[in-house]
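Quick notes on the structure that follows.
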Amino acid sequence: MLEYVYLDNASTTKIDSQVLKEMIPFMSDLYANSSSSHLMGVKVKKEIVHARECVANLLNSEPKEIYFTSGATEAINTILKGVTSSADKSVRSQIITVATEHSAVLNTCKHLEEIGFEVIYLPVLESGLIDIDNLRNVVSDKTLIISVMLANNETGVIQNIEEITKIAHHSGALMVTDATQAVGKIPVDVKDLDVDFLVFSGHKFHAPKGIGGFYCKLDNNFTPLIHGGGQENNKRSGTLNTPGIIGIGKCAKISLNQMDQDSENITKLRNRLERELLSIEGTFVNGHSTERLHNITNICFPNIEADVLIGMLRNICVSNGSACHSELIEPSHVLIEMGLSSKDAFSSIRFSLSKYNTEEEIDYTVYKVKEVVSNFQI
Ligand SMILES: Cc1ncc(COP(=O)(O)O)c(C=O)c1O
């Protein structure tokens with residue numbers, strides 16, 4: 001019997017053992033502050049330089065365009081608050097984002113509204129994609145930032161960031177993308193996307209929690225969120241999280257080497273799971289069928305509340321919507337925005353896979369879900 005079947009990888013992932021091994025010396029013997037000029041400090045700094053290069057390679061950026069933070073939430077706050085606070089509000093005071101963004105973006109935008117910025121929350125189509133023509137209609141010479149996530153954390157739906165960036169730049173706006181769910185899983189190339197800022201988080205791709213960051217195109221300036229000792233080129237003060245940075249650097253290296261193979265394996269498992277679950281009467285997938293990440297499937301099981309199903313699945317770890325909202329008893333805002341009824345949104349479950357899942361786990365999950373659902377239908 002499997003102890004756990006972990007299918008909640010969009011929420012957080014297991015640390016890769018190679019990553020953990022690489023990090024341990026920096027929590028034991030190599031504990032110096034990377035800003036120190038003594039021998040141990042210099043050694044630690046050299047390794048941080050290497051880790052930054054690895055992250056830059058993963059995103060096809062320059063190392064000096066990478067800033068480390070505690071995670072995606074801090075990166076998003078830094079960018080959106082930093083750009084708006086250094087902007088001339090009388091010239092550009094509008095932000096365009098999407099109603100299905102993560103709460104890190106939505107709640108930061110809410111704060112910006114409170115201090116006088118206008119925020120437009122674009123609706124999405126039933127597929128979860130935005131209507132690009134609608135964006136063309138609302139963008140103007142007042143738009144300061146367009147912030148659209150690369151891949152949605154609940155459905156995996158992938159927006160056309162290249163196209164959206166062209167629209168942003170055509171109107172003189174900056175383009176921000178929250179790529180938290182995409183980085184490390186699919187190729188993300190900041191030069192191809194041409195974005196100004198791109199956000200990532202280590203714990204979503206097998207690095208530890210507490211480390212993430214963002215890419216900032218060289219010419220772009222912003223006011224720091226955190227002032228202090230001037231680390232990260234004066235843009236994010238505070239002693240660097242050395243073990244975390246070493247960990248995310250190693251993860252970036254592993255992802256770059258293994259991404260093709262991992263995504264092929266995960267796609268097979270996801271498709272196997274989805275095919276079997278869709279054979280249950282009435283079930284359907286939420287979100288675009290092809291424009292989505294290979295590791296997520298969000299399935300509606302009409303007539304069964306997801307909370308009840310999750311409880312009965314016991315050792316199978318899945319989620320009903322974003323884990324960040326799990327204390328709120330509200331249907332997923334993402335699914336509601338895609339046009340689902342509250343009842344269907346409350347009956348939807350996100351299965352999110354990783355490279356550590358096996359065929360045995362998928363088959364066990366299918367067996368258990370079918371068993372629980374059939375008991376409900378009696
Ligand atoms: C799309 C997206 N953005 C931002 C975040 C916040 O990430 P972090 O936990 O690194 O702050 C998450 C985490 O759930 C996410 O999925």
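The values are calculated or read from the model by the stated rules, or taken from the named source; none is laboratory data. All of these numbers come straight from a predicted model, not from anything done at the bench. Ideal geometry is used to build each Cβ from the backbone, glycine not excepted, and the neighbour counts take in all protein chains shown. Heads up: the accessible areas ignore ligands, DNA and RNA and are worked out on the full protein's heavy atoms, side chains in. Shrake-Rupley method; radii C 1.70, N 1.55, O 1.52, S 1.80 Å.
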What nm distance separates the two modelled labels at residue 356 and residue 194, each placed 7 Å from Cα along Cα→Cβ?
4.0
Excluding residue 297 itself, what net charge comes from residues whose Cβ is under 12 Å from its Cβ, given Lys and Arg +1 and Asp and Glu -1?
+2
Taking the Cα centroid of region 206-284 and of region 139-182, what is the distance between the two, rounded to the nearest whole Å?
18
Under Karplus coefficients 6.51, -1.76 and 1.60, residue-wise ³J(HN,Hα) of region 158-172 in Hz, glycine/proline x
9, 7, 7, 5, 4, 5, 5, 5, 4, 5, 4, 5, 4, 9, x
DSSP loop chymotrypsin sites (Phe, Trp or Tyr not before Pro) in region 1-68 with at most 15 other Cβ atoms within 10 Å of their Cβ, which ones?
4, 31
Please calculate how many Å² of accessible area region 36-190 carries per residue, with a 1.4 Å probe and no DNA, RNA or ligand atoms counted.
38
In order through region 119-136: 3J(HN,Hα) via Karplus (6.51 cos²θ - 1.76 cosθ + 1.60), integer Hz, x for Gly, Pro
10, 9, 9, 5, x, 10, 7, 4, 6, x, 7, 7, 8, 4, 5, 4, 4, 4
Mind checking the per residue accessible area of region 237-306 for me, 1.4 Å probe, whole number of Å²?
43
Charge context of residue 153, other residues only, Cβ under 11 angstrom, K/R +1, D/E -1
-1
At R0 = 22 Å, FRET efficiency that the Cβ-Cβ distance of residue 170 and residue 62 yields, to 0.05:
0.30
Using a 1.4 Å probe, how large is the accessible area of residue 279, given in Å² and rounded to the nearest 10?
80
Per principal axis, descending, Cα span of region 37-128 in whole Å
52, 36, 20
Heavy atoms only, probe 1.4 Å: what % of the accessible area of region 17-254 goes to carbon and sulfur, would you let me know?
52
By how many nm would the segment from residue 310 to residue 162 grow when fully extended, if each residue of separation counts as 0.36 nm and the alpha-carbon distance is taken off?
49.6 nm
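Using the Cβ atoms and a cut-off under 14 Å, what net charge is assigned to the surroundings of residue 57, where Lys and Arg are +1 and Asp and Glu are -1?
Details: positive: 52, 64, 191, 250, 253; negative: 53, 62, 65, 189.
Spelling it out: positives minus negatives among the neighbours equals +1.
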With label points built 7 Å along Cα→Cβ from the Cα atoms of residue 279 and residue 18, find their separation and express it in nm.
3.6
Hey, with R₀ at 51 Å, roughly what FRET efficiency would residue 111 and residue 289 work out to, going by the Cβ-Cβ distance, to 0.05?
0.90
Write out the trypsin sites (Lys or Arg not before Pro) in region 288-378 meeting two conditions: DSSP loop, and at most 15 other Cβ atoms within 10 Å of their Cβ.
314
Can you classify region 56-196 as rounded, prolate or oblate using the Cα gyration tensor, where a ≥ b ≥ c are the square roots of its eigenvalues, rounded means a/c under 1.5, and otherwise it's prolate if a/b beats b/c and oblate if not?
rounded
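Need one number for the chain: average projected area of the convex hull over its C-alpha atoms, nm². Write down the numbers at each step before the final one.
Working: hull surface 76.1 nm².
Hull-based average projected area comes out at 19.0 nm².
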Would you calculate a helix-derived [θ] at 222 nm for the chain, using -39,500 (n - 2.57) for each DSSP H run of n ≥ 4 and dividing by the full residue count, to the nearest 500?
-12000 deg cm²/dmol
Set 14/217; 185/268; 204/253 screened for pairs whose C-alpha atoms are more than 19 Å apart
14/217
Label-point separation in nm, residue 90 to residue 131, each point 7 Å along Cα→Cβ:
3.7
Ignoring ligands, DNA and RNA, how do 275, 236, 270 rank by accessible area with a 1.4 Å probe, largest first?
275, 236, 270
